[in-house]
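A.B. asks: Structure below; questions to follow.
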Amino acid sequence: MLKGHQSWIFENKPVIRASATVVGPFEGSGPLADDFDIIHGDSMLEEDSWEKAEKVLIEEAAQLAIENAGLTKEQVQFYIGGDLMNQIISSSFAARTLTIPYLGVFGACSTSMESLALASALVNSGAANFILAGTCSHNASVEKQFRYPTEYGSQKPPTAQYTVTGAGAAIVSREGDGPVVTSATIGRVIDMGITDPFNMGAAMAPAAVDTIQAHFRDLQIEPGYYDLIVTGDLAKVGYEIACKLFEKHNFPIHQTEYNDCGMMIYDYDTQMVQAGASGCGCSAVVTYGHLLKRMRKGEIKRMLVVATGALLSPLSFQQGESIPCIAHAVAIEEGGNR
């Protein structure tokens, strides 16, 4: 199962039996709208706080993923999830509603692939038959916690990113019909000394490149093995830095299509999102919605999803700490009925 230094090979090829995505109205106005399962017309979701609204996002995505898999929540052994809120309250409180045995994880915006990698490892080992993996974010709750409340009307620099209001969840199983998870690479924490919370792309890009290089080094394959390599939420600034780092390290990223979820979910011409998208929900809804639908249509046969996360907190920022970052990679391939 261990391959190289920091990668796992899943010889039993766990199946992504079903997935579900739930987004807010701004995401529903973007170019990927047709690939989301539920689009809310109100970002408050009829709740009385942004944080409560965020919890509803992951509850709905989780329940719909279970339903799409043809299961009941009683058949799911574990729920692995996390989010950006302090003490991952959105996921923990959703676990209270779901009453599924719960493993809370925190990888900031890398949580989508961290949870999927761990779910796949457990299913591959025989430790579970069905696992729910999911994550979420809400633009207003994240801005309120990490930067300035939306109501403050703070002007943002061009490097800033727009946090996705959305949740994505998947059911990973030993058998079923759907794409399969073939491998995962667990990233190292990389800190380049950046302290600006409005420049997450620059902070996260080195971690993404490090994990991608480790994946191909461990598996001893070339980038051309995949039809698509997609990073989580580097957006324009981080994407450009990553491309320059690939060039500097003579890494042949040109062998495949390379894109970024943070550049895919919004329309730069009509939506004011500065550098692009971010948030736990970014890579989750793009992967579990848009990309898996493309794979089920046969447009993508193999892809490597590399979710990136900035591991800062309000406390660490207030104390002048720099921003450590991480990236986790998961390889997904066409499957079938098993």
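The values are calculated or read from the model by the stated rules, or taken from the named source; none is laboratory data. All values reported here derive from a predicted model rather than from experimental measurement. No Cβ is skipped: glycine too gets one built from the backbone with ideal geometry, and neighbour counts run over all protein chains shown. Accessible surface is based on the protein model in full, side chains and every heavy atom, while ligands, DNA and RNA are left aside. Shrake-Rupley method; radii C 1.70, N 1.55, O 1.52, S 1.80 Å.
A.B. asks: Only Cα pairs within less than 10 Å get springs; with that Gaussian network setup on the chain, which residue of Ser90, Ser49, Ser283 has the largest fluctuation?
C.D. replies: Of the options given, Ser49 has the highest mean-square fluctuation.
A.B. asks: Using a 10 Å cut-off on Cβ atoms, rank the peptides 202-210, 134-142, 101-109 from the highest mean neighbour count down.
C.D. replies: Peptide ranking by packing, descending: 134-142, 202-210, 101-109.
A.B. asks: Also: Using label points projected 7 Å from each Cα along Cα→Cβ, tell me how many nm separate Ala33 and Arg188, to one decimal.
C.D. replies: Between Ala33 and Arg188, the label points sit 4.5 nm apart.
A.B. asks: Sorted by packing (mean other beta-carbon atoms within 10 Å per residue), highest first, where do 121-130, 20-29 land?
C.D. replies: So the order, starting with the most tightly packed, is 20-29, 121-130.
A.B. asks: Within straight cross-link reach of Lys156, meaning Cα distance under 27 Å, which lysines are found once same-chain residues fewer than 8 apart are removed?
C.D. replies: The reachable lysines, counting only those whose Cα sits under 27 Å from Lys156, are Lys52, Lys55, Lys144, Lys236, Lys244.
A.B. asks: What label, among (i) 0.95; (ii) 0.90; (iii) 1.18, belongs to Cα Rg over 2.2 N^0.38 Å computed from the structure on display?
C.D. replies: Here Cα Rg over 2.2 N^0.38 Å agrees with entry (ii).
A.B. asks: Do you know the relative contact order of the chain, to the nearest whole percent, from alpha carbon pairs under 8 angstrom that are 6+ apart?
C.D. replies: Computed value for the chain: 25 percent relative contact order.
A.B. asks: What accessible area per residue comes out for the chain, rounded to a whole number of Å², with a 1.4 Å probe?
C.D. replies: I get 39 Å² per residue for this part.
A.B. asks: Which whole-number percent gives the relative contact order of segment 205-338, counting Cα pairs below 8 Å spaced six or more residues apart?
C.D. replies: This gives 31 percent for segment 205-338.
A.B. asks: How many nm is it between the label spots at Phe198 and Asp269, if each spot is 7 Å from the Cα in line with the beta carbon?
C.D. replies: 2.8
A.B. asks: Sort 260-267, 31-38, 238-245, 324-331 for me by packing, meaning the mean count of neighbouring Cβ atoms within 10 Å per residue, highest on top.
C.D. replies: Result, highest mean first: 324-331, 260-267, 238-245, 31-38.
A.B. asks: Separate question: Can you give me the % of accessible surface on the chain that is carbon or sulfur? Probe 1.4 Å, all protein chains present, nothing else counted.
C.D. replies: 50
A.B. asks: By a straight-distance test (C-alpha under 16 Å), which aspartates and glutamates pair with Lys248 as possible cross-link partners, with residues fewer than eight away in the same chain excluded?
C.D. replies: Of all the aspartates and glutamates, those that pass the test against Lys248 - Cα under 16 Å, at least 8 places apart if same chain - are Asp210, Glu240.
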